[in-house]
Each structure stands twice: as structure tokens, then as C-alpha cells.
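Beneath this line is the structure, given in C-alpha cells, with notes to follow.
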Amino acid sequence: MTQNLSIPLSDLQPGDQGEVIQVKAQGQIRQRLLEMGFIRGARLRVEKLAPLGDPMELVIKGYHLSLRRDESACILVHRVA
Amino acid sequence: MSLTIALAGNPNCGKTTLFNALTGSRHHVGNWPGVTVERRSGAFEQDGLTLEVVDLPGTYSLAARSEDERVAAQFLASPEVDLVLNVLDASNLERNLYLSTQLLELGKPVAFVLNMVDDAESRGVHIDVAALETLLGGPVIPTVGNRAQGIPELKALLAVLARGESTRCRRITVDYGHDIEGELAKLETEICRDEKLEEAMPPRWLALQLLENNAEAKRRVAESHASEAISQQLTKSFAFLEPHLGADGATLIAERRYGFAHGLVKEVATAPDEGRTPTARLDAVLTHRWLGIPIFVGILALVYSVSFILGKIPQDWIAEGFKALSDFAGAHLPAGELTSLLVDGVIPGVSAVIVFVPVIMILMGCIAFLEDTGYMARAAFIMDRLMHVMGLHGKSFIPLIMGSGCNVPAIQAARTIESRQDRLITILVTPLVSCSARLQVYIVIAGTFFTPFKAALAIIAMHFLGLGLAVLMGRILRSALFAGPSSPFVMELPPYRLPVLKATLIHMWEKGSVFLTRAGTTIFAGATLIWFLSRYPGIANQEWTAQYQEQRQAVAALKLPGAEEEDRLRALQLAHESRIVNTSLAARLGQKASPLLRPILDPEHKRAEAWKDVIALTAGFVAKEIVVSTMAVIHQASDEPKAGERLSPLQVSLRDNSGLSPLTALAFMVFTLIYTPCLGTVAMIRREAGSWGWAGFTIAYGLVLGWGLAWVTVVAGRALGFA
């Protein structure tokens, strides 16, 4: 894996893969994201954006999940080739 | 002997199907105390034991943040639960096991159901059940819930476990590593200073929640006399863990739980096949960038037509049936109070309740179908952007659109929205969406005062006004009631599945019967009250009744041909009813209250009959379409047009005698759209929002908003030179 910059998940494009570095959200949202599998090192793949451009669909821990830009912007990831 | 089993699991893990398979059709559906989360329980007999099963709301965690999670966590910790049955989706094992790591901390025996093993197999995931049993420390039964496979084995196992004869339950918990375990032990020691706290739940479980910074756990501790010691220890633990392990407690604990789940899955399951799943292939079309929205609109149109066009057929039968019954009773019973109570009070009241049932059952069936297939999550995914701008959730879209058919099932449909905030806002704004009953009022009024083309425009404008107001109120309510961040939109897109027909039918039946028993009484009571207000004291006037009877006999004595006699009798009946209603308590109230409506319905103080509108609108509280039939009675003119005429006698009377102008008629329509939800809707709001307060709030804001907008219509219209 190439070590590259940490970027918000919302910057990944459909088809991109990433690895979670950190969840920056606080409070309720943070706990929810952790429970849904956004823990350090978790691999994810962005599947697509909704027809109106938001939310995004991604695959993490083998299941499909949708997140609004509000939430995906506070998850830091590495891009993984 | 009776024992209670709690059924716990993630959403979409097939829990409810399994619940149905275990308990057959003997269910009890209600709400959990104090919240509007559905509580389903049922029982089955096995080896002479009665086993009570409670289906908990599907949750991803027991962190007690949402209503669902709080209900599940509280019930699981209560002494009522003898055994926890954790349903696991075999095709999504890792995330499902996260909840299991929490359930295992509760200190109760836990058994596992590995559900949907067929789905997993088809994706190439083979699971070693024996190894899973060993690692989870509890018995595991593989099942295919929708084909009832594994159910007899499961029932037998539950009976054995319930009798305490099994040695298969060992206590296994996640090992959080040396550092965290050390802090947990210290916290436990402090927690055990308070016996009450120690008894309420296992101290380790409470300690874990504290390290996760869980608000509910902290509140619990704050009530304890040992709270100071516990908080001090917690601060110390945080100060030690964060720099030491490089993350906060919540992250560390989640990581360890997923570490446990991940390791376990690696041990017992083969990796899924590469390649696209059937779900991915379907989603390539259903949530496609260009096709997604048209397909969604098509599905919505289909659901709408099935519910409101197909559903209208049995609805009409019911309405006509009750009308015939009421006519029959009216014609054959002597005129008087009791007959009126039956004919004008009880029968229409019962009819007003039952008439909703077909539409509710069909629409709820469609929605359950969409939900069970997994499409509902896609619908929310597609519409969320639009709805988010309006301060709502993607799942609010369907209730709002269905509201244009009928608000009552639309409010019930809001159940699919998980977040309490989003659901409440959706419920509160849905009544603004113009329903088909209000359409009947517009048709009469607009048809009277406008040319056909302008009437059509005015009616369309009412529908857009309703939707626009719903959006606006959504935004206002969001910022006024729930200041702060909106609830997160973290929504699973579950694999598509074929729903079980039986489950859909059970669901439809439950929704229909819940409506009849819970909302039915409210509607019935309201309808009776309105009857009382609009008939007394005239109905008890013996003299009038006697006069009416004499007139009828006089007509009968003329021996006119059938049709003419019928017309004459109908005219007499209308005159009699009109006399009663126009002198009733409602009429007196109307006369008292008409100054309130003067600015919007009679700006020039020229209308002698403005009070009649008040009676019609008051009666419209029962159901909006009653506004028309009440007007027919008050104005003593039938609302059915004679052959070959465009306007009905009622419309002619409104045009010539009521004093309404096109502008005030428009204001009347605006007011009818907004002023109050009908009784059925009010009853449903009370049930779905969980309090009379919200139902009252909806009526109050409707009255204020309706008055305000009707007033704006009149003032703006006059300024623009309309009359």
C-alpha cells in the first residue's frame, strides 16, 4: 500500500477504494459510524452517488451503506490503489 | 411454567420472519411504554412449556441513543428476560456480530440463530456452525427463516435452554486487551459500591458504556450515590487510555469488538465469491444515475394507483353500504332523537372509521412489500438529497406523496423513518398535503365561482400550496423544535430479498386492526360529538317532528307517481334537517364565531350567511368531504346536479344567496386546505406521535396558518383589484 495523504471520504470517487484513518465526527454520529464499521484500518469501496449527487453508496465490512456528504466529510481515509 | 425469550438482531436480519415462524399467527402488537416503537410478542408451546417471545426493534447496537436502541437495551437488561435469542444474518456475519459482542456482556444466556444460510451459501460463504458455537459460547441453529427451515430444531433447543438443562451456554466476552481490561476492572470496583447500580445491569457492561462515553450510562451513574467515585475513576481511565493507546474509549472499544468479530468470521466462514451479486446487478438499474428517478416515480405511481384507485372500490362499497343502511333506517324508523342518533350519528360515525380500512391495508401492504424487498432504502437513497434540502429525510418522501390520497395511512407510513425527529416532523407536516376528501370541497366551490378552466387552475394551485407549506413547515419545525445537528443519515442498503407473502399479509392485518381499535374510538367519539352539536336542541323539538310527519303524510296522501313523490319527500327531509341544523348549538356557535372568520370570508361585512360556513367547516372536522353534505343541509339545496345542468342546486344557492365572491371563495378553499386535519388524521397523529399534545399542536398551527393564509389571499386579492 502506498502511503498517501489523508483525505475526507467525500473526496473519493465511485470505484475508488480507501482505508479508514479516523472518524472526526463527534457525539452521536461518531458512535454510530464506529458501530457501522468505520474503525481504523477498515477497507471500503465507493460504489456510486445517488442520482442527485448525494448521498453516496459504499461497501464496508462486506455490506452496502449510504452516507450523506455531511457524514462522509468527517471520515478521514487513505486512497488505496 | 412460562419463560420469556427476547429476539434481538440487526435490522434486515430476518428477525420478524423468524418471529412469525416461531409464534404462528398468535401475536400481540402494541407500543412499548412511553414511546411509539412497536412491541410485538407472541408465544408457542414446546414440550409442555409456554415460551413467550418478544420481538425487539432491529438495532445495530445497544448504545441506547435512538428510541429503538433504548427500548431494546432496557428490555434486555430487565429481569423479565430469561433468554436472549440473537438472530444473525449469515450473509453479513461480521457486522451482525458487533451487536452480539454487546449481548454477550448482559450476563444472560444467549443462543444464536444463523439465519438466511441459503443467501450466504449462494454467495459462496460456508459457515462452520460447530466452530461458531465454540467461539460464541452458545448454541447456534442455522435456519432459513422464510422457508421455516430449522424452526423445529430451534423450538426444541429453546425449550431445553429454558428448562436450564443445557450446558451449552458458556460465558464468553470480548477481550479488550490488557490496558482496557485493567481500567474496566477499576471502574467495576467503583460501580459495585452502589448495590442498586450493580443489580440493574452487570457492572462490566456499565463500565464499558462509560468508557464509550455513553450519555445514558452517565445519566444512570449521576443518579447513584457512588457517582463521584465513579466519575473520578472514569476521568483517570480516559487520561490513561487516550495517550497510551492513541484513541478515545469509544474508538478503542469498537475496534476490539470488530477485531473479535473479524477474527471469528475468518475462523468459521469462507470468503465470499468475487463478482457481482444479484443485488448489485439490480442496483445497477434501480439506483442508476438516469434511470433511478424515473423507475422510482413509476413504482410510486403504481403504489398510489393500487392504494387509492383500487382501494377506492371497496371504500365506495362500504360508504354506499352504510349510506343504504342509514337511508333504510331513516325511512323505516319514526323520526326523532334516537333515529337521528342512529342515522346521523352512529352509522356515519362507524362508516367514517371503517371506510379507511381498505386503503390503509392496501397502502401498508405495498409499503411493507417495498420495505421487505429492500427497495424502500433505495427510494430513500434516491430522494434524500431533495428531502434533505427541505429539512426532511429521504424516507419522508413516500408519506408526503401518499398524503395526497389520504393523510391517515400516510401518517402511518411514516413508521418506516427510524429517526424520531424526522418521523415526528413528517407526521406533523403531512396534514398540509391536500387529500382527496378536500378535493371534493374544492370541486364544489371552484365549480361554483370560477370558469371550468380557472377552477382547474385553482384546484391545482391548492395542491401545490399544500406541498409547499409542508416543506416550509418542515424547515420551520426542524429549526424550532430540534435545534442542533439533524440526525445522521447512515442507512444500510440491504440485499434485495423476496418478501414472504404471509408476513406482508400479517402486517396488513395488524395495521388495519390497530387503526380500528386505537384510532376508531377517537373518530367515533368525535363524530358523535359533532352530531350532538349540529342536531340539538332542534332534534328534540316534538312539535317540529310532528309537523314533519304530517307533511310527509300529506305528500303520501297525494298518491303522486313514484319519482315525484320521492323528490317531494326528499325536499321535505332537507327542509326539516335544515331547520334543525340552522338552529342547533353549532349554528349558535357559528354565529358567535363568525366574526373571527369575517376578515377572511366576509371582508366587506355584507354576508348575512357567513355563520353557515362555520357550521360546515366545524362538521368538516369529522371528515373533509362532510363539508359539502353539511352545506347541502344548511343551504337546503341538494348537492347532486339535476340531469343536464352544470351546477347542482347547492352550487346555485351558494352563487346566488351565500354572498361569497370569487375571492372569498378562494380564501374558503385555502382555509379548507389548512385549517385542521380531519378526525381520522388527528387520531392517527395522536397514535403515531405518541401524545395528544402533538395532535393538539397540529390542529392549532393549522387554524392559525389557515386563517393567516386565507387572510393574505383576501388582502392581496383586493389589492390586486379582485373582488
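The values are calculated or read from the model by the stated rules, or taken from the named source; none is laboratory data. This one's a predicted model, so the numbers in the text were calculated from it and none came from an experiment. Reconstructed Cβ throughout: ideal geometry from the backbone, glycine too, with neighbour counts over all protein chains shown.
Structure values in brief
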read-out: Checklist (1) within 14 Å of chain A (Cβ to nearest Cβ); (2) under 27 Å from B:Asp194 (Cβ atoms) applied to B:Asp273, failing item; value: (2)
read-out: Single residue of B:Ala557, B:Ala575, B:Ala571, B:Ala563 found to be out of contact with any Pro (no Cβ under 6 Å at 6 or more places or on another chain) and farther than 24 Å from B:Pro649 by Cβ; value: B:Ala557
read-out: Test: residue in segment A:68-80 that is facing chain B (nearest Cβ under 7 Å), under 10 Å from the mean Cα position of the chain (by Cα) and not basic (Lys, Arg); value: yes
read-out: Unmet criterion (only one of (1) touching a residue at least 12 places away in the same chain (Cβ under 8 Å); (2) within 13 Å of chain A (Cβ to nearest Cβ); (3) closer than 27 Å to B:Leu132 by Cβ) for B:Glu216; value: (3)
read-out: Residue match in segment B:558-566 (condition: at positive phi, loosely packed, with under 13 Cβ neighbours inside 10 Å, outside the structural domain of B:Val357 (by TED's automatic domain parsing) and outside any helix (DSSP H, G or I)); value: yes
read-out: In segment B:267-289, the residues that are surrounded by fewer than 16 Cβ atoms within 10 Å (Cβ to Cβ) and either among the acidic types (Asp, Glu) or farther than 22 Å from B:Pro494 by Cα (or both); value: B:Glu267, B:Asp273, B:Glu274
read-out: Search result, residues across segment B:417-441 that are touching an Asp or Glu at 6+ places or on another chain (Cβ under 6 Å) and either assigned to a loop (DSSP other than H, G, I, E, B) or of a type outside the set (Lys, Arg) (or both); value: B:Ile427, B:Ala437, B:Gln440
read-out: Selection within segment B:479-503 - buried (at least 19 other Cβ atoms within 10 Å of the Cβ) and either among the aliphatic types (A, V, I, L, M) or assigned to a helix (DSSP H, G or I) (or both); value: B:Val490, B:Met491, B:Leu493, B:Val500, B:Ala503
read-out: Pairs where the first residue, in segment B:528-554, is closer than 12 Å to B:His576 by Cα and the second is surrounded by fewer than 16 Cβ atoms within 10 Å (Cβ to Cβ) and among the small types (Gly, Ala, Ser), C-beta under 7 Å, 6+ apart; value: B:Thr545/B:Gly336
read-out: Residues of segment B:246-270 satisfying the condition of being in contact with a Leu (Cβ under 9 Å, 6 or more places away or on another chain) and more than 11 Å from chain A (Cβ to nearest Cβ); value: B:Phe260, B:Gly263, B:Leu264, B:Glu267, B:Val268
read-out: Which listed residue, of B:Ile411, B:Ile398, is at pLDDT 90 or above and buried (at least 23 other Cβ atoms within 10 Å of the Cβ); value: B:Ile411
read-out: Residue satisfying condition, being more than 19 Å from the chain's Cα centre (by Cα), in a loop (DSSP other than H, G, I, E, B) and modelled with pLDDT under 85, within set B:Pro348, B:Pro334; value: B:Pro334
read-out: Residue count for segment B:652-681, restricted to those that are in contact with a helix residue (DSSP H, G or I) (Cβ under 7 Å, 6 or more places away or on another chain) and part of a helix (DSSP H, G or I); value: 18
read-out: Per-region count, segment B:59-106, residues β-branched (Val, Ile, Thr), part of a loop (DSSP other than H, G, I, E, B) and more than 14 Å from chain A (Cβ to nearest Cβ); value: 1
read-out: Which numbered condition B:Glu133 fails, given (1) in contact (Cβ under 8 Å) with a residue 40 or more places away in the chain; (2) surrounded by fewer than 21 Cβ atoms within 10 Å (Cβ to Cβ); (3) in contact with a strand residue (DSSP E or B) (Cβ under 7 Å, 6 or more places away or on another chain); value: (1)
read-out: Residue in segment B:141-163 that is free of Cβ contacts under 8 Å to residues at least 60 places away in the same chain and under 23 Å from B:Glu198 (Cβ atoms) present; value: no
read-out: Residue in segment B:295-314 that is β-branched (Val, Ile, Thr), within 14 Å of chain A (Cβ to nearest Cβ) and surrounded by fewer than 16 Cβ atoms within 10 Å (Cβ to Cβ) present; value: yes
read-out: Residues within segment B:167-213 that are over 21 Å from B:His244 (Cα atoms) and either in contact (Cβ under 8 Å) with a residue 60 or more places away in the chain or not assigned by TED's automatic domain parsing to the domain that holds B:Arg256 (or both), tallied; value: 12
read-out: The listed residue being modelled with pLDDT under 95, over 24 Å from B:Trp692 (Cα atoms), aliphatic (A, V, I, L, M) and surrounded by fewer than 24 Cβ atoms within 10 Å (Cβ to Cβ), out of B:Leu424, B:Leu457; value: B:Leu457
read-out: In segment B:74-104, residue nearest to A:Ile60 (Cα to Cα) [restricted to those that are small (Gly, Ala, Ser) and in contact (Cβ under 8 Å) with a residue 12 or more places away in the chain]; value: B:Ser91
read-out: Unmet requirement for B:Lys624, which otherwise passes all of (1) more than 41 Å from the chain's Cα centre (by Cα); (2) basic (Lys, Arg); (3) modelled with pLDDT of 85 or more; value: (1)
read-out: The one condition in (1) over 21 Å from B:Pro494 (Cβ atoms); (2) modelled with pLDDT of 90 or more that B:Val343 fails to fulfil; value: (2)
read-out: Selection from segment B:373-411 of residues that are assigned to a helix (DSSP H, G or I), away from chain A (no Cβ under 14 Å) and either under 20 Å from B:Gly311 (Cβ atoms) or of a type in the set (Lys, Arg) (or both); value: B:Ile398, B:Pro399, B:Leu400, B:Ile401, B:Met402, B:Asn407, B:Val408, B:Pro409, B:Ala410, B:Ile411
read-out: Search result, residues across segment A:49-65 that are part of a strand (DSSP E or B) and facing chain B (nearest Cβ under 7 Å); value: A:Glu57, A:Tyr63, A:His64, A:Leu65
read-out: Hits in segment A:15-31 - residues which are of a type in the set (Val, Ile, Thr) and at the interface with another protein chain (Cβ under 9 Å from one of its Cβ atoms); value: A:Val23, A:Ile29
read-out: Residues that are within 21 Å of A:Ser6 (Cα to Cα) and at the interface with chain B (Cβ under 8 Å from one of its Cβ atoms), drawn from segment A:32-46; value: A:Leu33, A:Leu34, A:Met36, A:Gly37, A:Ile39, A:Arg40, A:Ala42
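Let's see how each residue does on (1) outside any loop (DSSP other than H, G, I, E, B); (2) away from chain A (no Cβ under 14 Å); (3) of a type in the set (Ser, Thr, Tyr):
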position: B:Arg170; (1), (2), (3): no, yes, no
position: B:Val174; (1), (2), (3): no, no, no
position: B:Glu181; (1), (2), (3): yes, yes, no
position: B:Glu190; (1), (2), (3): yes, yes, no
position: B:Leu210; (1), (2), (3): yes, no, no
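Okay, residues lined up against (1) under 42 Å from the mean Cα position of the chain (by Cα); (2) surrounded by fewer than 14 Cβ atoms within 10 Å (Cβ to Cβ):
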residue	(1), (2)
B:Ile151	yes, no
B:Gly177	no, yes
B:Ile180	no, no
B:Glu190	no, no
